[in-house]
Structures are given as C-alpha cells and as structure tokens.
Amino acid sequence: MKNEGMLQDKSWDDLADLSFPKGYPAEEARARLVEEHLFQRAVKVYLGALPVVNMLAMRDGSEKVFGSGYNVLPIWKDQSL
C-alpha cells in the first residue's frame, strides 16, 4: 500500500518537473501534457456517464418486471432497508 502512494506522488512530480524553455513546453513536455489531459478527460467522461448508465439500467429492469409504457411507474410501499 505504501508503494502505491509513492507512485502517485512520482507521477505528479514528473509533471511538475517538465521543461519549459523560455516559458513554452518542450516537445517532450507537450506530448506528456497532452497525454495527461486526455487521461483526465477520459476519467471525467467515465464518471459523468455513471448516473446515465444507472438510470438506463433502472429503466430496463423496471420494464422487464412491470412492463413498458409512459404510464407505468413502479412504486414500492415498504421502503425500509
């Protein structure tokens, strides 16, 4: 477990240590920043899609059990867990 945290810190250190001669990223730094940006964007898209996927699964499950249609709305009387 301790090594995993050290690997994460190293990743951020690598980004922080990229070279920016004259205030502009070197080609290697540019490529690394683009890669990191695409990774971060992919994570945001995945996390943003989770609620939609959940609602679609709830809809599909409800349609299998109760039938489909705009007028079908399942309601549970006992909501205690």
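Where a number appears in this text, it was derived from the coordinates with a stated rule and is not lab data. Fair warning: this is a prediction, and the values are worked out from it, not measured in the lab. Virtual Cβ from ideal backbone geometry, glycine too; neighbours counted across all protein chains shown.
Electrostatic tally near ARG30: other residues with Cβ closer than 15 Å to its Cβ, Lys and Arg +1, Asp and Glu -1, net -4. From the largest down, the chain spans 65, 32, 17 angstrom on the principal axes of its Cα atoms. Evaluated with a Cβ-only charge set (Lys, Arg +1; Asp, Glu -1), the chain carries a dipole of roughly 360 debye about its Cα centre, given to the nearest 20. Using Cβ point charges alone (K and R +1, D and E -1), the dipole size of region 9-55 about the Cα centre works out to roughly 280 debye.
Using only the alpha-carbon atoms, how far is helix 27-66 inclined from the longest principal axis of the chain? Give it as 0 to 90 degrees, nearest 10. So the inclination is approximately 10 degrees.
Note on the chain: helix-only mean residue ellipticity at 222 nm, from DSSP H runs of 4+ residues weighted -39500 (n - 2.57) and normalised by residue number, equals -24500 deg cm²/dmol.
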